[in-house]
Amino acid sequence: MRMPIRGMLAAIALSAAVVLSTAAPANAAITVTLTPTAGAVGTRVDALAGNCNTDATGDLENTDVSFKLPKNNNNAQGNFTVTDGIKPGTYTVKVTCGSDTASANFTVTSGTGAATGGGSTASDAATAVLWTGAAVVLIAAAGLWLLKRRSRITTA
């Protein structure tokens, strides 16, 4: 095997190792993911408490908004709606799962939310890691193709 190809294969292997090593350990602390992370009055916000094996509760700090997150497999899921009484600004969403707590920020914007109750194109961290890994593999494959193509070129 020629040296450039070995280097390319090593880069692909290293990229795969980085992507796989970013997965959460089996007994990780709970994490909170909000979708969307910002919205106006009327926006429905979905909350996911990852690694939560029991029903959980959540509240939007410094407001009267609280909600339940029923257990769903290895997670707890729930939602709340941004009400008229909440002024624009950044708020902490605190989730309690058993004796563990975790939080995430939500930004209330001015105006009103979508008539459908919210929605977002935001993604969670695992999706971002997967897309990054796919991009690295694609770039490595393109580099390998270019090296192979270049090796066939002969000079006169």
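Looking at residue 69, is it at pLDDT 95 or above, within 18 Å of the chain's Cα centre (by Cα), crowded, with 17+ Cβ neighbours inside 10 Å and within 14 Å of residue 30 (Cα to Cα)? Walk me through it before giving the result.
Working: at pLDDT 95 or above: yes; within 18 Å of the chain's Cα centre (by Cα): no; crowded, with 17+ Cβ neighbours inside 10 Å: yes; within 14 Å of residue 30 (Cα to Cα): yes.
Spelling it out, it is not the case that residue 69 is at pLDDT 95 or above, within 18 Å of the chain's Cα centre (by Cα), crowded, with 17+ Cβ neighbours inside 10 Å and within 14 Å of residue 30 (Cα to Cα).
Return a yes/no flag: does the range 46-57 have any residue that is closer than 30 Å to residue 29 by Cβ, touching a helix residue (DSSP H, G or I) at 6+ places or on another chain (Cβ under 8 Å) and either modelled with pLDDT of 85 or more or not hydrophobic (A, V, I, L, M, F, W, C) (or both). No, the range 46-57 contains no residue that is closer than 30 Å to residue 29 by Cβ, touching a helix residue (DSSP H, G or I) at 6+ places or on another chain (Cβ under 8 Å) and either modelled with pLDDT of 85 or more or not hydrophobic (A, V, I, L, M, F, W, C) (or both). Write out, first by first residue and then by second, each pair whose Cβ atoms fall under 8 Å of each other, whose residues are 6+ apart or on separate chains, and whose first residue, in the range 37-48, is at negative phi while the second is among the acidic types (Asp, Glu) and modelled with pLDDT under 95. That search, which allows pairs on different chains as well, returns 41/84; 48/124. Look at residue 42 and say whether it is more than 16 Å from the chain's Cα centre (by Cα) and either closer than 26 Å to residue 109 by Cα or not aliphatic (A, V, I, L, M) (or both). Considered against the rule, which asks whether it is more than 16 Å from the chain's Cα centre (by Cα) and either closer than 26 Å to residue 109 by Cα or not aliphatic (A, V, I, L, M) (or both), residue 42 comes out as yes.
The values are calculated or read from the model by the stated rules, or taken from the named source; none is laboratory data. Since the structure is predicted, the reported quantities are computational estimates derived from the model, not experimental observations. Methodologically, a virtual Cβ is constructed for each residue, glycine included, from the backbone with ideal geometry; neighbour enumeration extends over all protein chains shown.
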